[in-house]
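Inspection log for the structure reproduced underneath, given as structure tokens.
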Amino acid sequence: MARRIIFLITDLDLGGCPLLLLRIVRELKMRGHFAPHVVSIKSPGPVARWIRKAGVEVTGLHASGAGDYRAAMRWVQLLQSLRPRGVLSMLIHANLLAAAAAPVCPPCVYLQSLHTLQTSPAWRWPANSLLASRCAGVLAPSQAILDRLSREGFTGPQFVVPNGIDVNVFAEARAVPPDRLPWPAGSTVIGYVGRFDPVKRLDALLRGFTRLLLADYQRWQHVYLALIGYGPMEPPLRRMAADLGIASHVAFPGPTASPQDWYKCIDVFINPCNVEGFGLSVIEAMAAGVPVIARRGGAISEIITHQVNGWLFDPSDLAAGHLATSAEAEARSICDSLSTLLANAALRQHLAVGGHNRVVGRYTTDRMVDGYEQIMEKFI
């Protein structure tokens, strides 16, 4: 008989972790060894529909805020009703609820997962360590996250389970039709796909792109930047593009439920974030055959080998050599990386092939779910 396991997550809005959870529970349901049930602390968002379509139950706790005790009571009542063999919580708010309610819930195995290297707010990592000490084990998609947790003193069981995707979905996708593209036909496109959050450093990307255009506009006049996604930083980013004088070269196509189609419209993908816990959009772009530029360090350096399957930039190295400010170093480093790849079609092709092969060899849905199943078999 399949063992019931609850996956607790903050929300099921469009985003990296909810979409990752969709792939995990859909595959677990198909394999039949575990019976997944997804619980969203907030009211279920759009990803809930796809999870339910896969035959997996979804329950919303409908929390109105971090201190909504009624949502906590609903969680306790749900566990008393379902009596799962295990609970796997995703991200700090879900980890907090699971750990805080455990003493008054029926006994079961608690596992936690962490998916970010963000350092703000300041209490995040001490809290992560304290919560981790109250569960049977911690999962993360990169060693960088577990190393950060260990620096807070956590010594309990830790497991790396890299995120995975359906490579064929991205490799075989069809590009968005030309008449729907918000840039002129024949343009060269630099793309970013994901949420517009401050930690993604899209402001640095705009400054680097501006530097590229200003350095030689005649050469790069047909290059456009596509910021594909949504988030609280969109209005400031639009204003910044206008203030920098590059708004006519920056497109905001909006959120998408089919990022694979947009990757096929991009000539170079870039992720300037410096606190990626993994970099899901990075492996998606690699699977789609798009050469990737990303910031060196943390989880990204576990995925990309410089000049083999992607291009890594490091503003700190540049700043040391030029006595530049951090912002100036970021902009110059991004500009130099873009210029190098845009000017060298052979290098772009080399990185695209290397990136695709890297994803096929390590970052597939099957490998990811194998990892989750092995850990769940061990504890549940």
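The values are calculated or read from the model by the stated rules, or taken from the named source; none is laboratory data. What you see is a predicted model; the values in this text were computed from it and never measured. Note that we place each Cβ from the backbone using ideal geometry, even for glycine, and neighbour counts take in every protein chain shown. The protein model used for the area step is the full one, side chains on, heavy atoms only, and it has no ligands, DNA or RNA in it. Shrake-Rupley method; radii C 1.70, N 1.55, O 1.52, S 1.80 Å.
Data for the structure
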{"read-out": "Counted residues, segment 219-267 - those being within 19 Å of residue 285 (Cβ to Cβ) and small (Gly, Ala, Ser)", "value": "7"}
{"read-out": "Leading residue by the ranking (least open to solvent (accessible area, probe 1.4 Å)) among those in segment 1-45 that are farther than 17 Å from residue 115 by Cβ, touching a residue at least 40 places away in the same chain (Cβ under 8 Å) and part of a helix (DSSP H, G or I)", "value": "28"}
{"read-out": "Those residues of segment 50-79 which are over 23 Å from residue 32 (Cβ atoms) and in a strand (DSSP E or B), in sequence order", "value": "60"}
{"read-out": "Strands (runs of 3 or more DSSP E) enclosed by segment 80-197 - at least 2 residues per element that are crowded, with 17+ Cβ neighbours inside 10 Å, in contact (Cβ under 8 Å) with a residue 60 or more places away in the chain and not hydrophobic (A, V, I, L, M, F, W, C)", "value": "86-90, 188-195"}
{"read-out": "Boolean, residue 219 is under 16 Å from residue 293 (Cα atoms), open to solvent by 30 Å² or more (accessible area, probe 1.4 Å) and not in a strand (DSSP E or B)", "value": "no"}
{"read-out": "Residues (hydrophobic (A, V, I, L, M, F, W, C), in contact (Cβ under 8 Å) with a residue 40 or more places away in the chain and open to solvent by 60 Å² or more (accessible area, probe 1.4 Å)) located in segment 234-262", "value": "257"}
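Residue-wise test of (1) of a type in the set (A, V, I, L, M, F, W, C); (2) at pLDDT 95 or above; (3) touching a strand residue (DSSP E or B) at 6+ places or on another chain (Cβ under 7 Å).
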site	(1), (2), (3)
220	yes, yes, no
257	yes, no, no
265	yes, yes, yes
284	no, yes, yes
294	yes, yes, yes
303	yes, yes, no
306	no, yes, yes
